[in-house]
Amino acid sequence: MKTFYIKTLGCKVNQYESDGIAAGLEQHGLVRSNKDKSNDVCIINTCAVTSKAAMQSRQAVRKLARDNPDAKIIVTGCHAQTDPDIIRQIGDSFELVCHRDKTRLADHILAAVDPSPMSFKPADHSAANRFHSFETPVFGSMTRAYLKIQDGCDAFCTYCIVPHARGSSVSMPQHLVLNHLNALGRAGFKEVILTGIHAGRYGRDLTPPTTLLDLVKTIEEKRPVDRIRLSSIEPNEIDERLVDLAAPDSLLCDHFHVPLQSGDDDVLKKMKRPYTAKLFKDIICYIHEKHPFAGIGVDTLIGFPTETDDQFENTFSLIQQLPVSYLHVFPFSPRKGTPAFSFKPRVPDPVITERCQRMRELGKQKQMAFIKANQGRPLKAVVQNQTNVRTGRLTAVTSNYLNIYLKKDSTLKGKLVDVVFDHWDSNLNISGEIYHGKGI
């Protein structure tokens with residue numbers, strides 16, 4: 001029986017696409033292996049968001065080629081898209097597959113008649129670019145499914161290589177979104193995360209144009225699944241009416257992930273970010289005003305070239321005063337092919353490290369405050385179908401994005417339940433139980 005192995009690096013969109021490729025191969029009788037040696041087919045779904053991610057992608061290609069000498073090796077993903085010549089330098093036996101062909105990769109691998117390589121195409125920024133989707137819904141292996149509703153990006157932030165890898169912003173037509181959601185609902189998924197590279201731009205390329213707000217309203221009307229969660233949305237693309245739709249008991253989870261990157265307007269301009277610190281502050285405050293217990297995640301990019309101590313303090317101070325529940329802190333990594341690669345002066349690495357440490361400590365404080373605010377409150381949660389390896393317990397993911405550890409009970413897997421908690425450890429791991437209406 002033939003086996004295949006997929007190594008995925010990078011974002012949730014990449015993971016979704018890997019799961020889609022895997023589903024296609026499994027439908028043809030191949031077996032997905034969790035071992036990275038002695039396979040018949042190896043696929044490396046690469047990442048290029050940072051220089052480190054690109055390096056790790058190349059390392060993965062070398063390792064899998066070495067450990068699977070007789071396998072068909074396929075390299076795809078963002079690093080393959082932006083730097084195909086660098087991948088080819090590793091070896092001439094690999095096949096490079098561009099992003100747009102991922103959805104038909106399984107058929108290509110198993111083609112009995114035409115085994116010739118796919119023609120490698122650059123990222124498409126033309127008006128003819130369109131959304132490429134898997135024919136059948138991607139279930140993956142988790143209780144909460146992902147659905148890619150948008151791909152590509154037109155923003156061209158000065159530090160980001162992704163538009164060069166993914167092409168222009170394109171959207172899954174609304175009827176296909178509903179078809180996939182209906183199938184996921186019938187398969188028993190209680191929650192679906194709508195994801196994309198630039199999800200806030202959803203629908204603008206469709207005919208007629210539509211919006212993410214319109215899509216969520218339509219899903220709410222049809223109710224194909226119990227709840228949906230949105231992936232990262234730019235602050236300038238969050239419609240207040242979208243915020244109004246969110247709630248623990250509604251279709252849309254009360255959880256928003258909003259990238260800030262910098263809280264200094266001059267740095268934001270150099271990054272080519274289309275908003276101000278005030279706009280960011282206003283939307284975060286609006287979310288909190290409407291939903292005091294909503295989960296609010298924030299991305300920060302620390303040590304952007306020319307960032308002064310005062311400019312970093314502006315970012316730190318802004319987050320300090322806002323009701324943020326968790327932070328993702330990223331140190332600036334110069335990426336060849338982006339304008340910021342040549343920006344000077346660069347912030348010294350030790351300074352970036354120190355600033356990141358301070359920001360991560362602030363993130364822990366924010367996370368602790370959010371946990372305390374939800375202590376003793378009944379929370380809607382989906383119980384994951386996999387037991388946590390470290391604790392041996394089940395994990396329930398709440399609507400406002402807290403992970404609650406529960407006692408192992410196989411009857412709870414995949415269910416939408418009410419939970420409550422009153423304990424967490426020094427690492428902020430939360431222990432709770434099913435809520436029966438009487439408190440803890």
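The figures follow:
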item: Formal net charge of residues neighbouring residue 48 (Cβ-Cβ distance under 12 Å; K, R +1; D, E -1); result: +4
item: Selection from 53, 22, 86 lying farthest towards where the dipole of the range 3-109 points positive, charges on Cβ; result: 53
item: Dipole of the chain [Lys/Arg +1, Asp/Glu -1 at C-beta], most positive-end residue of 271, 68, 8; result: 68
item: FRET E, pair residue 368, residue 52, Förster distance 30 Å, beta-carbon r, rounded to 0.05; result: 0.55
item: Structure-based [θ]222 nm, the chain - -39500 (n - 2.57) summed over DSSP H runs of at least 4, per residue, nearest 500; result: -10000 deg cm²/dmol
item: Prolate/oblate/rounded call for the range 379-434, Cα gyration tensor, a/c under 1.5 rounded; result: oblate
item: Neighbourhood net charge (13 Å Cβ-Cβ; Lys/Arg +1, Asp/Glu -1) for residue 58; result: +4
item: Option label - Cα extents along the principal axes in Å computed here, alternatives (1) 84, 52, 48; (2) 103, 44, 38; (3) 63, 57, 47; result: (3)
item: Interchain or long-range residues, amide H under 5 Å from residue 204's placed H; result: 210
item: Residue pairs, from the table 217/372; 336/366; 222/407; 52/102; 217/415, whose Cα atoms sit over 26 Å apart; result: 217/372; 336/366; 222/407
item: Estimated dipole of the range 379-434 in Debye, rounded to 20 [Cβ of Lys and Arg +1, of Asp and Glu -1, Cα centre]; result: 240 debye
item: Charge context of residue 427, other residues only, Cβ under 11 angstrom, K/R +1, D/E -1; result: +1
item: Separation between Cα centres of the range 137-177 and the range 249-326, rounded to whole Å; result: 22 Å
item: Student exercise, the range 144-374 dipole from Lys, Arg, Asp, Glu Cβ charges, in Debye to nearest 20; result: 620 debye
item: Simple Cβ-charge dipole of the range 3-109, Lys/Arg +1 and Asp/Glu -1, about Cα centre, in debye nearest 20; result: 340 debye
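Read-outs: derived from the displayed coordinates by stated rules, not from any lab. Here the structure is a predicted model, which is why all the values come from computation and not from measurement. Here the Cβ is made from the backbone with ideal geometry for all residues, glycine too, and neighbour counts use every protein chain on show.
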